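To start, the structure itself, in structure tokens.
Computed from the coordinates by the stated procedures, all read-outs in this text should not be read as laboratory data. Owing to the predicted nature of the structure, the values given are computational and were not obtained by experimental measurement. Note: ideal-geometry Cβ built from the backbone for every residue, glycine included; neighbour counts use all protein chains shown.
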Amino acid sequence: MPQPMYLTPQGLENLKAELDHLRTVRRQDVAGRIHESREHGGTVDNAEYDEAKNELAFTEGRILTLDHIINNAQIIKEHRGKRRSVEVGCTVTVVNQKGDTLQYTITGTSEADPAQGKISNVSPIGQGLLGKRVKQTAEVTVPAGKIRLEILAIE
């Protein structure tokens, strides 16, 4: 059974829009470039043709990926206020062993953006925080070693 792909309602809409664009616009543009390059120079030793074919393959791969994500999407329910434990969709305020206060929003892999504080539920930190409660500490192994994160708040 495929693993659920956690998405916010907005994230799902963004992926559907991207999929629609790839199917209706991008695919036709690339197919037109393939046809044009084939007419101008054939298919042998034709860099434009090869590039367009590679781009079509990438586009088709992205379409398959988006189809898979959308078909297995599990929508993250919006929840206002405090939560008892960390789960996908919440924002967690933690303090690390250096005393730095950090804030993470636990998302699905498709919406993760660590630079924006959005971490995936399958990332080491995301996995370490899931299920924890306020005042509990998560020990997480990251590429730089082990870190300790004490949970200050869950929203």
Relative contact order (%) - criterion: Cα under 8 Å, at least six apart; region: the stretch 36-155: 22
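Over the stretch 5-75, what relative contact order in percent results from Cα pairs under 8 Å that are six or more residues apart? Working shown, then result.
On the way: 49 pairs, mean separation 39.8, N = 71.
This gives 56 percent for the stretch 5-75.
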Relative compactness, the chain, computed as alpha-carbon Rg over 2.2 N^0.38 Å: 1.43
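Quick one: net charge of residue 148's neighbours, Cβ under 11 Å, K/R +1, D/E -1?
On the way: positive: 98, 146; negative: 139, 150.
In short, 0.
Summing Lys, Arg as +1 and Asp, Glu as -1, what charge do residues with Cβ under 15 Å from the Cβ of residue 70 carry, residue 70 excluded? Provide the component values of the computation, followed by the final result.
Working: positive: 16, 23, 62; negative: 13, 18, 20, 67, 111.
Counting the neighbours of residue 70, the net charge comes to -2.
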Under 25 Å from the Cα of residue 82 - lysines, other chains or at least 8 residues apart: 118, 132, 135
Sorted by Cβ density within 10 Å, fewest first, the residues 146, 132: 146, 132
Amide H contacts of residue 132 (H built 1.01 Å from N, under 5 Å, at least 5 apart or other chain): 86
Trypsin sites (Lys or Arg not before Pro) within the stretch 48-125, DSSP loop, no more than 12 other Cβ atoms inside 10 Å: 77, 80, 82, 84, 98
Euclidean distance between Cα centres, the stretch 5-51 to the stretch 59-76, Å: 16
